[in-house]
Amino acid sequence: MKKIKKIKIKINGKIKSITEHCNLSIVLKNLKIPLNKVAIELNEEIIDKKKINKIKLNKNDKIEIVHFIGGG
Amino acid sequence: MVNLKKDSLIIANKKFYSRLIVGTGKYKSMAECAKAIKLSGAEIVTVAVRRVNISDKKKPLLMDYVDPKKITYLPNTAGCFNSKEALRTLRLAREIGGWKLVKLEVLGDKKNLFPDMIETLKSTEVLAKEGFKVMVYCNDDPLMAKRLENSGADAIMPLAAPIGSGLGIQNKINIQIIRKQTKLPLIIDAGLGQASDATIAMELGCDGVLVNTAIAKAKKPFEMALAFKNAVIAGRQSYKSGRIDKILMGNPSSPSKGII
């Protein structure tokens, strides 16, 4: 049986362990991210939310997920 | 009387009837924030862009309390100290749901929170080229305000005093000079402490005011929201009504003829 390789990525500054080449959309789904209320960056580049199921994640990828909060 | 329905504020081709913009920070809860917004009558609220809390998925979201379909969200770059951070923040804000009307705020000093106008100017140029409609937080400097206008700003937002200071308008003359030189929406942003400060801003000819701390941190935020609403209306009406000239000596209100 092929061994599943785990890789480490950073999401909002926190280290997470995921399956190698895991799809970005799956990671977001697992985190229960409401896609219509957030913006996503992968390695400091904004990701088109329509294309998240085509993005495979690699070791040391940095994901930022932001939303609106109260501010002046 | 000023017909408030006709006296609209137009920012980047969008019409607003309230001239009070409120911030959504510093409230005790989202519910308190939402109620204060309602009482203030504001149609535009500033919001910050921050990381989603991925470990606490049940944390309430601002959008669940303040409906962006009913209230215009004005994404703000508060907390950014250079052009790079500010541009990154606003590009992300646009991505959340197509927001093009944004507030640019690039700070230069962590203590006094004055804007870094060099970085602000650079960012304004880039954002305008990228199709953003930029409302720009700036110093009360007429020359800088002119430069911002020439760089494609959609609204000029000079400070009254340092952010959160509650000191009120410190430099009325500069605000009046900026008013005279620009046809862009002129909105006092930051430093107001009480409702009368908003009235003064409006009487100087400003098109609106932006208030956060003075409402959110008042002992009674709901009452203060209402007070600011009324103060902005009063100031606008007063400005439009044309004040009397100032004279040094007294001028009796009752006729001197016919005195017994």
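Numbers below:
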| read-out | value |
| --- | --- |
| Counting DSSP beta bridges with both ends in chain B, the antiparallel % (nearest 5) | 15 percent |
| Shielding of A:25-37 by partner chains, average beta-carbon count, 10 Å | 2 |
| Antiparallel bridge percentage (DSSP; both residues within the protein assembly as shown; nearest 5) | 45 percent |
| Crossing angle, helix B:117-129 versus chain B [Cα axis fit, 0-90 degrees, rounded to tens] | 70 degrees |
| Dipole magnitude of chain A, debye to nearest 20 (Cβ charges: Lys/Arg +1, Asp/Glu -1, about Cα centre) | 520 debye |
| Translational diffusion coefficient (Stokes-Einstein; Kirkwood radius from C-alpha pairs) of chain B at 20 °C, 1.002 mPa s, in µm²/s | 112 µm²/s |
| Mean-position separation - Cα centroids, the stretch B:199-230 and the stretch B:51-123, in angstrom | 22 Å |
| The stretch A:6-66, relative contact order [Cα under 8 Å, separation at least 6], % | 48 percent |
| Alpha carbon convex hull of the stretch A:6-66, volume per residue in cubic angstrom | 70 Å³ |
| Dipole magnitude of the protein assembly as shown, debye to nearest 20 (Cβ charges: Lys/Arg +1, Asp/Glu -1, about Cα centre) | 1600 debye |
| Of B:Lys122/B:Lys172; B:Lys183/B:Lys240; A:Lys49/B:Lys110, those spanning more than 25 Å from alpha-carbon to alpha-carbon | B:Lys122/B:Lys172; A:Lys49/B:Lys110 |
| Spatially proximal aspartates and glutamates relative to A:Lys5 (Cα-Cα < 15 Å; intrachain offsets below 8 disregarded) | A:Glu20 |
| DSSP bridge pairs, the stretch A:6-66: antiparallel proportion in percent, nearest 5 | 85 percent |
| Cα centroid separation, the stretch A:9-36 to the stretch B:174-197 (Å) | 45 Å |
| Which listed pairs, of A:Lys8/A:Lys54; A:Lys14/B:Lys84; A:Lys29/B:Lys217; A:Lys16/B:Lys28; A:Lys37/B:Lys15; A:Lys37/B:Lys26, have C-alpha distances above 28 Å, in listed order | A:Lys29/B:Lys217; A:Lys16/B:Lys28 |
| Difference of contour (0.36 nm per residue) and Cα-Cα distance, B:Lys111 to B:Lys246 | 44.7 nm |
| GNM top mover of B:Leu92, B:Leu39, B:Leu61 - chain B, alpha-carbon springs below 10 Å | B:Leu61 |
| Convex hull volume per residue for the protein assembly as shown, taking Cα atoms only, in Å³ | 157 Å³ |
| For the stretch B:148-260: Kirkwood Rh in Å [reciprocal of mean 1/r, alpha carbons] | 15.6 Å |
| Normalised contact order of chain B, rounded percent, pairs of Cα under 8 Å and 6 or more residues apart | 18 percent |
| Residue among B:Asn230, B:Asn112, B:Asn53 with the largest mean-square fluctuation in a Gaussian network model of chain B, springs linking Cα atoms under 10 Å | B:Asn53 |
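Coordinate-derived values only; no laboratory data. As the structure is a prediction and not an experimental result, all values here were calculated from the model. Neighbour counts run over all protein chains shown; Cβ positions are idealised from the backbone, glycine included.
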